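For reference, the structure is listed below as structure tokens.
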Amino acid sequence: MTTSPSNRSLSSINNVDIESIRKNIEKLPMLPVVVYELMKYNPDSKDFYDIVLKLAQADPPLATALLGYANSAAFAQHEATKVSSVKAALSRVGAKRLFELLFAQSVTRVFLPRKAEHRELWKHSLQVAQFASYLVERSEHQYVDPQQVYMAGLLHDIGRFVILQLAPHAIDKTEEKGWHTANELIDVEKEITGHTHAEVGLSACKKLHLPRVIGIAVQYHHTPEVFNSKALSKENRQLLTAIMIADEMSFFLANNKKNAHLPPAEIKKTLKESVLSEHIDTEIVPFNKFCYEFGKAQHQVERTLDSLGIGDSTHKVNSH
């Protein structure tokens with residue numbers, strides 16, 4: 001891909017101009033209107049199915065995506081026949097699952113992964129989205145909508161996606177330096193660009209008019225000290241707890257493939273004692289249960305990656 005003059009200037013490793021990045025955010029493609037429309041509704045409401053059905057029937061790209069997903073290997077292997085109507089496809093997939101896929105698919109089109117390392121960034125974002133929403137869905141008390149948590153998890157690193165699009169060399173240099181934890185990533189980013197992806201991400205949220213719940217996750221997901229604030233609502237406390245636990249679990253799994261196969265008790269002990277900040281309130285979500293069941297959520301991540309065409313199996317086929 002040819003780099004535009006503006007992108008060349010932004011790709012200077014030793015001088016990534018944060019103001020130039022902020023100005024160029026507006027040049028990024030916008031999310032589809034239908035996604036903004038769906039953000040307005042509660043997926044748990046009785047009429048959400050009818051709302052999605054109406055939008056899909058009036059939006060050819062959405063209808064096509066829905067039919068394709070409903071007839072994909074992820075679902076077809078459990079069904080005898082293929083579906084040919086939007087209504088039948090929606091019944092098979094489910095309105096909430098469709099929303100997750102549509103949201104991920106829309107964001108993928110804006111921030112297209114071009115290299116293997118970039119696919120890892122996508123995998124991380126999907127893991128955080130799936131893990132975090134999984135934690136909230138299974139909480140004894142849901143103070144925040146799991147679907148909003150999914151959106152926030154998927155875009156919590158939007159700052160890294162923006163830098164990837166507008167200053168890709170900075171992302172590559174950050175990866176070359178090497179890091180294993182959230183704190184190490186922040187330190188490397190400050191060294192390379194002088195700014196963190198949380199700072200860039202917050203600007204993106206404002207420019208793209210994203211829901212406040214996403215902005216909160218973006219701004220504070222590397223700031224566990226926020227839990228000391230008495231002004232922090234239960235909704236935001238549960239949101240940030242789920243995002244931070246999911247974020248660290250994703251890093252933990254990426255650091256060593258063997259980590260995923262450790263005994264659940266050892267995973268829980270390691271995360272609690274050596275990884276998670278002491279500020280994080282693990283009691284507001286079922287942290288212990290998650291350490292034993294995260295494999296279910298991880299399986300859904302792999303299915304979504306394949307559906308988006310950026311999964312490991314898809315990548316291997318396309319590389320030959």
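Every read-out reported here was derived from the displayed coordinates using simple, explicitly stated rules and does not represent laboratory data. On a predicted model such as this, the values are computed, not experimentally measured, just so you know. In this analysis, Cβ positions are derived from the backbone assuming ideal geometry, glycine residues included, and neighbour counts consider all displayed protein chains.
Exceedance of the 21 Å cut-off in Cα-Cα distance is limited, within the set Lys46/Lys234; Lys173/Lys272; Lys46/Lys96, to Lys46/Lys234; Lys173/Lys272. Our summary gives the range 15-312 a relative contact order of 21 percent, counting only alpha carbon pairs under 8 angstrom and 6 or more residues apart.
Cβ-to-Cβ counts within 10 Å put Arg212, Arg119 in ascending order as Arg212, Arg119, the fewest first.
Put a dot 7 Å past the Cα of Lys289, heading toward its Cβ, do the same for Ala88, and the two dots end up 3.7 nm apart. Cα to Cα, under 18 Å, and not fewer than 8 places away if on the same chain: which aspartates and glutamates meet these conditions relative to Lys54? Counting by Cα, and skipping residues close in sequence, Lys54 has these aspartates and glutamates nearby: Glu37, Asp44, Glu100.
Please give the length that would be gained between Lys257 and Ser233 if that part of the chain were fully extended, namely 0.36 nm times their separation in residues minus their C-alpha to C-alpha distance (nm, one decimal).
Length difference between fully extended and current span is 5.0 nm.
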